[in-house]
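To keep things clear, I will list the structure first and then write my remarks on it.
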Amino acid sequence: MEMTIEEHIVQLKKLKSFHNGSYGANINFAIDTMRKYQKIVDIVSLNGEEFKQCGLKELKEILEVIADGAINSSDCIQS
């Protein structure tokens, strides 16, 4: 069975506890990237619609997530 993104994040946090100094920034970057991906999936999956159905509002939200990393989803677990 394949692991979910949240399960991977938990594993990366465990790994970070062992390698915080040398790899901590890389692990944080990986976790932030996973959360951005989750937020983008949430935006394009609104009401079960396909990506091609996204309107300007959703595309603007995606650009904001990519630009500044803002994550405003209660579904994403924060560190």
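The values are calculated or read from the model by the stated rules, or taken from the named source; none is laboratory data. It should be emphasised that the depicted structure is a prediction, and the values quoted were computed from it without experimental measurement. Ideal geometry is used to build each Cβ from the backbone, glycine not excepted, and the neighbour counts take in all protein chains shown.
Only one of these is modelled with pLDDT of 80 or more and in contact with a His (Cβ under 8 Å, 6 or more places away or on another chain): I40, I27, I9. Name it. Walk me through how you get there before you give the answer.
Numbers: I40 fails: in contact with a His (Cβ under 8 Å, 6 or more places away or on another chain); I9 fails: in contact with a His (Cβ under 8 Å, 6 or more places away or on another chain).
Going through I40, I27, I9 in turn, just one is modelled with pLDDT of 80 or more and in contact with a His (Cβ under 8 Å, 6 or more places away or on another chain): I27.
Report, ordered by the first and then the second residue, all pairs with beta carbons closer than 8 Å, sequence separation of six or more or different chains, a first member in the stretch 35-46 that is more than 13 Å from K60 (Cα to Cα), and a second member that is among the charged types (D, E, K, R) and in a helix (DSSP H, G or I).
L46/E58
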